[in-house]
Amino acid sequence: MGPLLNRRGVLGACAAPLLSALPGVGRAQAGERALRAVEAHRQFPGLPVPTPMWCFDEATPGPLLRYRKGDRVAVRVRNDLKQPTTVHWHGVRVPIAMDGVPGISQPAIKPGESFLYQFDARDSGTFWYHPHQKSFEQVGRGMYGAFIVEEARPIEANADVCWVLSDLLVDRATGAQAPFGRIHEHATRGRIGNIVTVNGRPAGREVTLDVRSGQRVRLRLVNAATARAFLLSFEGHDPHVIAFDGQGVTPHRAGKEGVLLGPGMRVDLVLDCADAPGKSFAVSDAGSRAVIAAVRYRDEAPLAANLFKAPLQLAPNDLVPPDMKNAQRHEVAIRGGDAGPPVIGLVDGKEIPLHEMMRTHGLAWTVNTHATHEEAHEHVPLFTFKRGTTHIITMQNGTAFIHPMHLHGHFFRVLAYNGQAPRHDEWRDTVFLNSWDEVTVAVVADEPGDWMFHCHVLEHAAAGMMGVIRVE
Ligand code: C2O
Ligand code: CU
């Protein structure tokens, strides 16, 4: 194996302890760890004063939590904010009591109080953590971090790097974050920021992945933005896609389509750096039509030996394959938004037209006609599944907006996007629905509990696009 990346060249907050990629060296965390929800300030270039943020451990993203498959995770979260919070471990299969949904799986952590999250890291993969209390605001203000579980035998790479992508919406005159909870944002695309960030730093060519010619880099991407989707391409490179939402997929090239990351989604890439020393290549996002980072080759002779031919297939996690013969079928109809056909929603059992719903309840979306308040927490389950049974869910996006639909505590197998089977077997915890799309997934009911099923455009979730799937 060639020399490891110079850690100073790799992005700060999220650069993995690289030694831990070597078997037996630099063991991942064990024992209890503290995590503190707290306010902090952050100076962004070009703004008059530091911007107030809400963070974990005073940083955005919060600390990268890294474990090894099978480890016991113990994180004591202390809330030093002025309002209640929780932590949800997105994509991590935990018992319901550790799922971090206030009013459903636990009471919210009050200011000054703590909560100990404890669970086994069942699955290896790239996951993340964020509050589930007023998520659109708490995540939007900067509360999120990556959560990585290494495989027992990771694939060989010279470096393991994580980029947490996000954005924030600031008032450039005052440096403050723009007000949260505006119905116009909630009823349309969600809150799209005016500063895109990579590991908390403003995106652009200055954000560099410094590599040496001949290196193979595993690049884990997390989209922690509340509403922005990314469609990335790597100039001069065609990365291998090796995992979606932490679960291995048949390794394949990203190709011309690029790498799509709706809010909440993750993709693991492998970048073979075969170009020449001294060169630099743009990483661009087609959504914002902007360069978000650069792959920069150091002026050093290429590695004598490279890993370009090493296997890329990740060891699978123990996901139970769906039992298609005995599966039950369900439909999920998504409606609403301030630019679609007229909609009547059910709010607490009452039928209300969309515009009145928006005005009087701040709700703008329905799931099977119900519009559910984030803080209502009297969720009548959308569906109740018996543990171990298979369910085929067809989600129909009857709106002009994108919806990355996320199910807690489970992975589903994507069966079809608009009637077409995906080219590779995709296990995901968050599936991307473009406007008017129809997507079908199969899920095997796993752990008992009430599991949230919601759009990960967090403003949409806050404005009604959420429900609960009960497993018993
Ligand atoms: Cu990442 Cu219920 O969310
Ligand atoms: Cu949505």
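The values are calculated or read from the model by the stated rules, or taken from the named source; none is laboratory data. Since this is a predicted model, take the numbers as computed values, not measurements. No Cβ is skipped: glycine too gets one built from the backbone with ideal geometry, and neighbour counts run over all protein chains shown. These area figures cover heavy atoms from the full protein model, side chains too; ligands, DNA and RNA do not enter into them. Shrake-Rupley method; radii C 1.70, N 1.55, O 1.52, S 1.80 Å.
Taking 7 Å steps out from each Cα toward its Cβ at Asp318 and Ala305 produces label points 3.6 nm apart. Taking square-rooted eigenvalues a ≥ b ≥ c of the alpha carbon gyration tensor, is region 275-355 rounded, prolate or oblate, where a/c under 1.5 means rounded and, failing that, a/b exceeding b/c means prolate? Here region 275-355 falls in the oblate category. Take the alpha carbon gyration tensor of region 315-438, find the square roots of its eigenvalues, order them as a ≥ b ≥ c, and report rounded if a/c is under 1.5; if not, report prolate when a/b exceeds b/c, else oblate. Prolate. Between Gly200, Asn397, Phe180, the Cα set farthest toward the positive side of the dipole of the chain (charges on each charged residue's Cβ, about the Cα centre) is that of Gly200.
In whole Å, how far is the Cα centre of region 259-273 from that of region 42-80? If we compute the Cα centre of each part, the gap is 21 Å. The calculated FRET efficiency for Glu356 paired with Glu32, based on their beta-carbon distance and R0 = 56 Å, is about 0.70. Under a model in which nothing but the beta-carbon of Lys, Arg (+1) and Asp, Glu (-1) is charged, the chain shows a dipole of about 860 debye around its Cα centre. About its Cα centre, region 93-230 has a charge dipole of approximately 360 debye under the convention of +1 per Lys or Arg Cβ and -1 per Asp or Glu Cβ, with nothing else charged. Remark: spin-label model distance Asp120-Leu346 equals 3.9 nm, labels positioned 7 Å along the Cα→Cβ axis.
Once the dipole of the chain is set up with Lys and Arg at +1 and Asp and Glu at -1 on Cβ about the Cα centre, which of Met324, Thr85, Pro50 lies farthest towards its positive end? Toward the positive end, the furthest listed residue is Pro50. Separation of region 408-472 and region 127-187, taken as the distance between their Cα centroids, equals 20 angstrom. Treating r as the C-beta distance of Asp425 and Ala333 and R0 as 22 Å, the FRET efficiency rounds to 0.25. Taking amide H as placed 1.01 Å from N in the peptide plane, the amide H of Leu64 sits under 5 Å from none that are at least 5 places away or on another chain.
Ordered from highest to lowest accessible area with the whole protein assembly present and a 1.4 Å probe, Thr394, Thr250 read as Thr250, Thr394. When peptides 302-310, 177-185, 140-148 are ranked by their average number of other Cβ atoms within 10 Å per residue, the highest-first order is 140-148, 177-185, 302-310. Here, the chain is characterised by an Rg to Rh ratio of 0.95, where Rg is the alpha-carbon radius of gyration and Rh the Kirkwood radius. Which value, in debye to the nearest 20, gives the size of the charge dipole of region 105-172 about its Cα centre, when Lys and Arg are +1 and Asp and Glu are -1 at the Cβ? Around 320 debye, computed over region 105-172.
Listed values for region 242-249 are Karplus-derived 3J(HN,Hα) couplings in whole Hz (6.51 cos²θ - 1.76 cosθ + 1.60, θ = phi - 60°), namely 10, 7, 10, 6, x, 9, x, 10, and x replaces Gly and Pro. Surface analysis of the chain yields an accessible area of 39 Å² per residue, using protein heavy atoms and a 1.4 Å probe. The HN-Hα couplings worked out from phi for region 263-272 by the Karplus form 6.51 cos²θ - 1.76 cosθ + 1.60 (θ = phi - 60°) are x, x, 8, 10, 9, 9, 10, 10, 10, 8 Hz, whole numbers, x standing for Gly and Pro. Using the Cα coordinates of region 265-308, the gyration tensor eigenvalues translate into equivalent-ellipsoid semi-axes of 24, 15, 6 Å, sorted from longest to shortest. Taking amide H positions as modeled 1.01 Å from N, with prolines and chain starts lacking one, the residues under 5 Å from Ala34 and 5 or more places away or on another chain are Arg76.
For the chain, the tally of Lys pairs with Cα-Cα distances below 28 Å comes to 10, considering only residues 8 or more apart or on different chains.
The label point for Ala416 and the one for Arg205, both projected 7 Å from the Cα toward the Cβ, are 4.7 nm apart.
Considering only Val347, Thr430, Thr360, the residue lying farthest towards the positive end of the dipole of the chain is Thr430, judged by Cα position with unit charges set on Cβ. Using θ = phi - 60° in the Karplus curve 6.51 cos²θ - 1.76 cosθ + 1.60, the 3J(HN,Hα) couplings for region 399-409 round to 9, 8, 10, 7, 9, x, 8, 10, 10, 6, x Hz; x is entered for Gly and Pro.
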